[in-house]
Amino acid sequence: MSRLKYAALTLWIQKGSVYVSDYELTKESPLGGAEHEFDGVTVTEVINQSLVMVALPRDQADDIESAMAKSCGLSIPAIGQSTRSSDTLVTLWRLQKNQVLAYFAYDGDDAEANLAEKLDAPAYYTDQSDSWGMIRVSGERSIEVLERICPIDLDPNVFTLGSVSRTVMEHIGTIIFRDGNDSYVLLTMRSFSRSMLHAIEVSVKNVL
């Protein structure tokens, strides 16, 4: 996940002299790389993915989809679904009209530029990576853990592989994406990520 790094200068003025102190802000994920193993469930922070909003102007939708298909084999998914690039590195989530979220493997500071180069499509790109905490809940008992806190139907025949949805878990706005047979990625705003992690851990204890 993209985390910006800055070099900064602090100035102190004392008796007419200027003192300069160098310091650097380093990358830090919302949950510090949290990883917990339970019996049948693994809860880990996703730290190697970026998230970019791609706006799709209505008068250019066909051109955008054509360019994406040509550059990396992507199509615009139906609402509530996702599509993957031919190299499986980029996944598009469709949660509303005229916009998709691109979830992809990248950990640099210029995610939107990197994605724009990959897609080579005349869309509008906005990096959202720093705004979200991402948590993967996986393992054979993952659905039992999530069913206690997620109000949508997670039955595998309903919430199929690649499905994505906005919902609320424990009063926290959440995006949930099923990325494997027993694997789900949860996204919540960065400031709520520790509360979400706590809610998941409590649910794990209640299930196990």
Let me have the relative contact order for the chain, percent, based on Cα pairs under 8 Å that are six or more residues apart.
-> 21 percent
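Rolling a 1.4 angstrom probe over the protein heavy atoms, how many square angstrom per residue are accessible across the chain?
Details: 11010 Å² over 208 residues.
Counting only protein heavy atoms, the per-residue value for the chain is 53 Å².
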Protein accessible area in the stretch 94-190, 1.4 Å probe - carbon and sulfur % | 43 percent
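Once the piece of chain linking Val202 and Ser75 is laid out straight, how much longer is it, given 0.36 nm per residue of separation minus the C-alpha distance between them?
Numbers: separation 127, 0.36 × 127 = 45.72 nm, distance 3.83 nm.
Difference between extended and current length: 41.9 nm.
The values are calculated or read from the model by the stated rules, or taken from the named source; none is laboratory data. Because the structure is a prediction, the values reported are computed rather than measured. Each accessible area value is taken on the protein alone, full model and side chains, heavy atoms only, with ligands, DNA and RNA left out. Shrake-Rupley method; radii C 1.70, N 1.55, O 1.52, S 1.80 Å.
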